[in-house]
Amino acid sequence: MEWEMLGVVLVGFFSLQAILFRLPFPVPGISKGEIRDSRLDQIRGLAMIGIVLIHIHSYFAFFHPNEPNITHWTLFLSNLSRFSVPVFIFGSSLYLKKKDDYWKSKVFSLFLPYLAASIAGYFIKYDSKTILDFIFKLSVGQVFAPYYFVPLLFQFYIIFYLIPERLLSGINLRILTVVCVTLNFLSNVNLLNPFLPDWYHSISVFNYCAFFAFGLLIKDRKIIPSVSKNSSVYLLILFTFGIGLVVLAALSFSGVEVKNHHLFYPVFGFLILNRILPVSDSYSFNKALSFIGRNSLFIFLLHPFVIHSMHKFDPLSFGGPVLGYMITLILNVGIPCTIASVTTARKERLSNR
């Protein structure tokens, strides 16, 4: 609770500097409701790498729980990546539309790949297997730890589909956003969890409903992307980023693991990344981020297999903590990206026949 309250204090402090920041921030992807720039893909790419970093910390902590000189650094990188899941929730709501093939696209693009990965993962990971146990783990995303995101996201798909159109624009949407932010805050300070079953806590929509509402709100406002040239904005960004690093470092080296769904860090993380990333992905680094962002589903579903297999080996056996960390990251991002690239190329060849 104290960290969420700290966030409230910090957001009040930074709100005083709104003129320098020129709020509202330009956001990626909304121009006359149709045009999408590459910044969201780049941010999603960074977020996907961040999700991998979170799991790499667990991998290092598994082998070296009593070596804080190693795990405090991996925890710092993990905490630094805690904006990742909210970014995907936000990005999903930003582009949701109630089309005729709404559920068809969700089933074929997300559920079926998730089902296939869950079946394979269940047979690989668990010795004792039953149909009921598999159905439960599939439903709540417990085959692999990261898979909780799919049941979570499908709940938001259902909610969006059921929300009346009159609540998705204007003053009604603003009221809905305030309600969602309030519920998210209450969930973060553990006032809602006592009323929810234990198995639901990890996939609770109350943990992320504010980020979903933010995406709907920005989509309704149809903000045109632009990049400010005001140097004071970038100085303030550096100042804000520096304070954030100091706070996260202090928490990490005290052994505190930050939640994925604190309200204010993900919001500021997204705004800062959106401000500093270029609109186009003309540079190799930005192209790589965009590619990872566009193929994040491959990484999300496949990297748990990679890191699960790597639990047979101590990460330090790959050349020490730094080299072991880099190799683990490269394998967990690179292998799924290679599979994504090969799969995409084959689809293109088949479609051109």
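Provide a single number: the residues in the stretch 77-109 that are within 20 Å of the chain's Cα centre (by Cα) and farther than 20 Å from GLY45 by Cβ.
2
Which one of ILE124, ILE89 is in contact (Cβ under 8 Å) with a residue 60 or more places away in the chain, surrounded by 14 or more Cβ atoms within 10 Å (Cβ to Cβ), closer than 19 Å to ILE299 by Cβ and among the β-branched types (Val, Ile, Thr)?
ILE89
Going through the stretch 119-147 one residue at a time, which ones are assigned to a loop (DSSP other than H, G, I, E, B) and under 25 Å from VAL52 (Cβ atoms)?
Selection gives TYR126, GLY141, GLN142, VAL143, PHE144.
Would you mind stating whether VAL189 is more than 18 Å from SER93 (Cα to Cα), of a type outside the set (Lys, Arg), out of contact with any Gly (no Cβ under 8 Å at 6 or more places or on another chain) and at pLDDT 95 or above?
No; evaluated as a whole, the condition is false for this residue.
If you scan the stretch 250-276, which residues turn out to be crowded, with 16+ Cβ neighbours inside 10 Å and aliphatic (A, V, I, L, M)?
LEU251, VAL258, LEU263, VAL267, LEU271, ILE272, LEU273
Within the set of pairs 6 or more residues apart or between chains, which connect a residue that is more than 13 Å from ILE49 (Cα to Cα) and in contact (Cβ under 8 Å) with a residue 40 or more places away in the chain inside the stretch 281-293 to a residue that is buried (at least 18 other Cβ atoms within 10 Å of the Cβ) and among the hydroxyl-bearing types (Ser, Thr, Tyr) with Cβ atoms less than 8 Å apart?
The qualifying pairs are ASP281/SER38; ASP281/SER290; ASN286/SER38.
Would you check if ASP37 is under 29 Å from PRO304 (Cβ atoms), surrounded by 12 or more Cβ atoms within 10 Å (Cβ to Cβ), among the acidic types (Asp, Glu) and at pLDDT 50 or above?
Answer is no for this residue.
Going residue by residue through the stretch 275-283, is there one that turns out to be assigned to a helix (DSSP H, G or I), modelled with pLDDT under 85 and either of a type in the set (D, E, K, R) or within 30 Å of PHE123 (Cα to Cα) (or both)?
Yes: the stretch 275-283 contains one or more residues that are assigned to a helix (DSSP H, G or I), modelled with pLDDT under 85 and either of a type in the set (D, E, K, R) or within 30 Å of PHE123 (Cα to Cα) (or both).
Hey, does the stretch 102-118 have a residue that's β-branched (Val, Ile, Thr), modelled with pLDDT under 95 and in a helix (DSSP H, G or I)?
The answer is yes, given that some residue of the stretch 102-118 is β-branched (Val, Ile, Thr), modelled with pLDDT under 95 and in a helix (DSSP H, G or I).
Which one of these does LEU112 not meet: (1) of a type in the set (A, V, I, L, M); (2) surrounded by 16 or more Cβ atoms within 10 Å (Cβ to Cβ); (3) more than 19 Å from the chain's Cα centre (by Cα)?
That leaves (2) as the condition not met.
Checking VAL143 against (1) modelled with pLDDT of 95 or more; (2) over 23 Å from TYR59 (Cβ atoms); (3) of a type in the set (A, V, I, L, M), which test does it fail?
(2)
If I ask for residues that are farther than 17 Å from ILE51 by Cα and in contact (Cβ under 8 Å) with a residue 12 or more places away in the chain, which ones from the stretch 152-162 would you list?
PHE154, GLN155, PHE156, TYR157, ILE159, PHE160, TYR161, listed by residue number.
The values are calculated or read from the model by the stated rules, or taken from the named source; none is laboratory data. Keep in mind that what you see is a predicted model, and the values were worked out from it rather than measured. Because the Cβ atoms are built from the backbone with ideal geometry, glycine has one as well, and the counts that use them run over all protein chains shown.
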